[in-house]
1. Would you mind giving the average projected area, over all directions, of the Cα convex hull of region 266-359 in nm² with one decimal?
2. Short version: what are the Cα gyration tensor semi-axes of region 2-85, square root of 5 times each eigenvalue, largest first, in whole Å?
3. If exposed means no more than 16 neighbouring beta carbons inside 10 Å and the site is in a DSSP loop, what's the longest run of the chain without any exposed GluC sites (Glu not before Pro)?
4. Using the structure shown, list the pairs from K81/K291; K203/K254; K268/K326; K142/K179; K74/K315; K15/K81 with a Cα-Cα distance above 24 Å, or answer none.
5. For the chain, what is the percent of antiparallel DSSP beta bridges, rounded to the nearest 5?
6. Just subtract the alpha-carbon distance of D60 and E17 from 0.36 nm times their residue separation and send over the number in nm, one decimal.
7. Given R₀ = 51 Å, what would the calculated FRET efficiency be for F27 paired with K142, taking r from the Cβ atoms and rounding to 0.05?
8. Okay, which of region 263-288 sit inside 16 Å, backbone N to the point 7 Å along the Cα-Cβ direction of H110?
Amino acid sequence: MNKIIDNTQNRFRTKLERLLEGSNVVFNGDNPWDIDVYNSDLYERILTQGSLGLGEAFMDGWWDSVQLDELFNKLCSAQIKSRVMLHPHALKNGLWAYFSNRQSKNRTSHIIKHHYDIGNELYHAMLDTRLTYSCGYWKNAKSLDEAQEHKFELICRKLNLQPGQRVLDIGCGWGSFMKYAVEKYEVSCVGVTLSNEQLALCKSLCADLPIEIRFADYRELNETFDHIVSIGMFEHVGYKNYRQYMQVVRRCLKDDGLFLLHTIGGNKSVITVDPWIDKYIFPGGVLPSIKQISKAIEGKFVVEDWHSFGADYDKTLMCWFENVSKNWESLADNYDDRFFRMWKYYLLSCAGAFRARGNQLWQIVLSKNGVQGGYVSVR
């Protein structure tokens, strides 16, 4: 019986090794990015459960890799996913997304709570001192704090903020951008979030500043602002809501105002994300493509600037993982080892995807009617 089982496992392993050809990744190899197998049932689990099984097996300790980020860089660069048949988990999520609106107003609050209400102490340990949960701008930065401040400065300059202006931040997180804009550019801000944890801490951090924080869905907004920003929130909107999102932004933006959209993007138009990411990290999350964004803004906005710096997210994610690892002892009472492996897999697999240029990061500046005389790009 054991011989039959061994033969079956060898067949599964052989199939996976064929899929990995050209990736420079092997099982139990000598390179730091190779896959170290601790449970021989792993091969069958990957073949039968796809990327969901791969991620869950990592969480269960069935395999590891010394350099997990580089492993995913190589897997993404070799486009291994395109060699694999559509898995039932992915098909189920795709049908669900196609026949329903997973990011409807009734569902969105639950989706946000799944990721952002798991404890502010985790994000304090992971992020920069300002609590900024989006890609930093590393052009001239030497640290995570600098990269995030440079990103905020970049946004403020792209919007040409002036004292006294009123700015809306859709998906304001813990208020880091609003605080920067108020302190450096003397504007006032309104921020909206659907995370109770973010709302409470944001109100505390922004106390005594001309900043209003609301627990509200973006679809409820119906007042005008000089400028609008959305930093790392559009990934939660969903492809069925892109057009409505842009309609809301247009009705809330003054005729001469600017809207800056900061979002992760994908190279292809999709309606779901990877099944493991969908289950454990961002339920209902979707990465928009250039085509999907363009369709959503057609007839609503003029594209003034489109800035791509996705490689900077690799550096940002690696800093976040370093911070989590360094501070894990202080977090261990509230998060178990399986959570740590899940979070490690999330941060480092995403870093590898950005390194392989499979994921992008865009800052897009939009106006309602075109900037008179032309918009001057800022980098």
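Read-outs throughout are calculated quantities, based only on the coordinates presented, and are distinct from any laboratory measurement. Here the structure is a predicted model, which is why all the values come from computation and not from measurement. Note: ideal-geometry Cβ built from the backbone for every residue, glycine included; neighbour counts use all protein chains shown.
1. 7.5
2. For region 2-85, the ellipsoid semi-axes come out as 19, 15, 13 Å.
3. In short, 22-185.
4. Over 24 Å Cα-Cα: K203/K254; K268/K326.
5. 45
6. Full extension from D60 to E17 adds 13.3 nm.
7. The computed FRET efficiency comes out at 0.85.
8. Answer for this model: 278-285.
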